[in-house]
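Asker: First, the structure itself, so that you have it in front of you.
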Amino acid sequence: MLVQNLAVLVLAGFVGYLVISKVPNTLHTPLMSGTNAIHGIVLLGGLIVLGLGAHGVLEKILLVIAIAFGTINVVGGFLVTDRMLGMFKSDRPNRTDQ
């Protein structure tokens, strides 16, 4: 079972690298904002498994580390998205604001 899980992990990393390396630079930020919603669902699943399904100490430690890294990823993605959207805001007030 451990060998199968490691094989899936290695293959997922390899496929992920290949997919991301083919994306043009102009699409990285919009894709990041879109995947933040998906990653939020993954974080919720990790919290549920941590609360209900983790039995061993090693499983709990790995889940806490995964949740911490996932949280950093989601927060960073939202900060980058906010910065990207800030580039499209104008400094001039709108005519309706006067």
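The values are calculated or read from the model by the stated rules, or taken from the named source; none is laboratory data. All of these numbers come straight from a predicted model, not from anything done at the bench. Virtual Cβ from ideal backbone geometry, glycine too; neighbours counted across all protein chains shown.
Asker: When you scan region 19-54, how many residues do you find that are touching a Leu at 6+ places or on another chain (Cβ under 7 Å) and under 20 Å from ILE72 (Cα atoms)? Walk me through how you get there before you give the answer.
Answerer: Within region 19-54, the first condition is being touching a Leu at 6+ places or on another chain (Cβ under 7 Å), and the residues that meet it are 23, 46, 49-50, 54.
Now narrow it down to the ones that are under 20 Å from ILE72 (Cα atoms): 46, 49-50.
Qualifying residue count for the region: 3.
Asker: Hey, another quick one. Mind counting the residues in region 1-39 that are modelled with pLDDT of 80 or more and in contact with a helix residue (DSSP H, G or I) (Cβ under 6 Å, 6 or more places away or on another chain)?
Answerer: Qualifying residue count, region 1-39: 1.
Asker: Find the residue count for region 42-68, including only residues that are part of a helix (DSSP H, G or I) and surrounded by fewer than 10 Cβ atoms within 10 Å (Cβ to Cβ). Walk me through how you get there before you give the answer.
Answerer: The first filter runs over region 42-68 and keeps only residues part of a helix (DSSP H, G or I), leaving 42-52, 57-68.
Filter again for surrounded by fewer than 10 Cβ atoms within 10 Å (Cβ to Cβ), leaving 51-52, 57-58.
Count: 4.
Asker: For region 14-30, name all the residues that are outside any helix (DSSP H, G or I) and loosely packed, with under 10 Cβ neighbours inside 10 Å.
Answerer: Within region 14-30, LYS22, PRO24 meet the criteria.
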